Amino acid sequence: MPAPLSIIIPTLNAEAELPLCLESLMPGLEAGLIREVIVADGGSEDATAKIAGAMGANLVTGARGRGAQLAAGARAARGDWLLFLHADTALSRDWAERTADHVMTKPDDAAFFELRYRSDARAARTLEKRANRRARFLGLPYGDQGLLISRKLYDEIGGYRDVPLMEDVMIVRAIGKRRLVQLNAEARTSAAKYERDGWRKRSWHNAFLLTRFLLGARPEDLAKRYT
């Protein structure tokens, strides 16, 4: 099949996590699925740009902020499909097969991956189940689960908003639950913030921010509470 996929990764001082993220994309390269990998950087002061270049990614630099960086990466992308992926997330090896199948069979739908934390903690398994249920039943996957979307649909809904927080929730709400599919492959994301803050405390904090947003709070105000 032709290589339709542009992968867009927002970064900020991501030298510790970016290599694993990029290495996990190899199955897509081997399958001829990937047209380009774009690292959308918000002003890193570490080796992020050097790592991106050494591993063959295209570097796009611009304003700091995940929403702005994702939008900038999308503007630079040339693929018929876009895969947005956080720098601290690595995909399971079967991601390319599942993605190719989705592109061929469900061209009108967007998709996300099953969440998995890179942690052996029992709390990680509990939180994964809760997050995956929320994503499936409410149509609210977080950005940690990736987002696969056709260029056509991305442009139709207006793409990512330039907001400091909740850009992932805003875009999946614009897509709508009916057009969101969970792929049977894993997005294995860092558990560093949960291990730093405590699993229960961090999960309740995130749930509190999401609830406030859904009740009408502005992303700019919520960002002041996010660390």
TODO: Count, please, the residues in the range 188-227 that happen to be in contact (Cβ under 8 Å) with a residue 60 or more places away in the chain and either in contact with an Asp or Glu (Cβ under 6 Å, 6 or more places away or on another chain) or open to solvent by 60 Å² or more (accessible area, probe 1.4 Å) (or both).
DONE: 6
TODO: Kindly state which helices (runs of 4 or more DSSP H) lie completely within the range 119-181 and contain at least 1 residues that are open to solvent by 60 Å² or more (accessible area, probe 1.4 Å) and more than 20 Å from Leu5 (Cα to Cα).
DONE: 122-138, 167-175
Open item on the list: Looking only at the range 62-71, how many residues end up being within 17 Å of Leu18 (Cβ to Cβ) and at pLDDT 95 or above?
Closed with: 2
Task: Meets criteria (at pLDDT 95 or above, surrounded by 16 or more Cβ atoms within 10 Å (Cβ to Cβ) and either not aromatic (Phe, Trp, Tyr) or not in a loop (DSSP other than H, G, I, E, B) (or both)) for Ala3 - done: no
Task: Members of the range 33-70 that are out of contact with any Asp or Glu (no Cβ under 8 Å at 6 or more places or on another chain) and acidic (Asp, Glu) - done: Glu36, Asp41, Glu45
- [ ] Determine whether Ile9 is touching a residue at least 40 places away in the same chain (Cβ under 8 Å), of a type in the set (Val, Ile, Thr) and open to solvent by less than 20 Å² (accessible area, probe 1.4 Å).
- [x] yes
Open item on the list: Pairs please, first residue from the range 117-143 and on the phi > 0 side of the Ramachandran plot, second anywhere and in a helix (DSSP H, G or I) and not hydrophobic (A, V, I, L, M, F, W, C), Cβ atoms under 7 Å, 6+ apart in sequence or on different chains.
Closed with: Gly139/Lys177
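Among the residues of the range 25-48, which ones are of a type outside the set (Val, Ile, Thr) and in contact with a Ser or Thr (Cβ under 8 Å, 6 or more places away or on another chain)? Working first, answer last.
Filtering the range 25-48 down to residues of a type outside the set (Val, Ile, Thr) leaves 25-33, 35-36, 40-47.
Those that are of a type outside the set (Val, Ile, Thr) and in contact with a Ser or Thr (Cβ under 8 Å, 6 or more places away or on another chain): Gly28, Leu33, Arg35, Glu36, Ala40, Asp41, Gly42, Gly43, Ser44.
The values are calculated or read from the model by the stated rules, or taken from the named source; none is laboratory data. Not measured: the values here are computed from a predicted model. Heads up, the Cβs are rebuilt from the backbone with ideal geometry, glycines too, and the neighbour counts pull from every protein chain shown. Please note that ligands, DNA and RNA were not included when accessible areas were found on the heavy atoms of the full protein model with its side chains. Shrake-Rupley method; radii C 1.70, N 1.55, O 1.52, S 1.80 Å.
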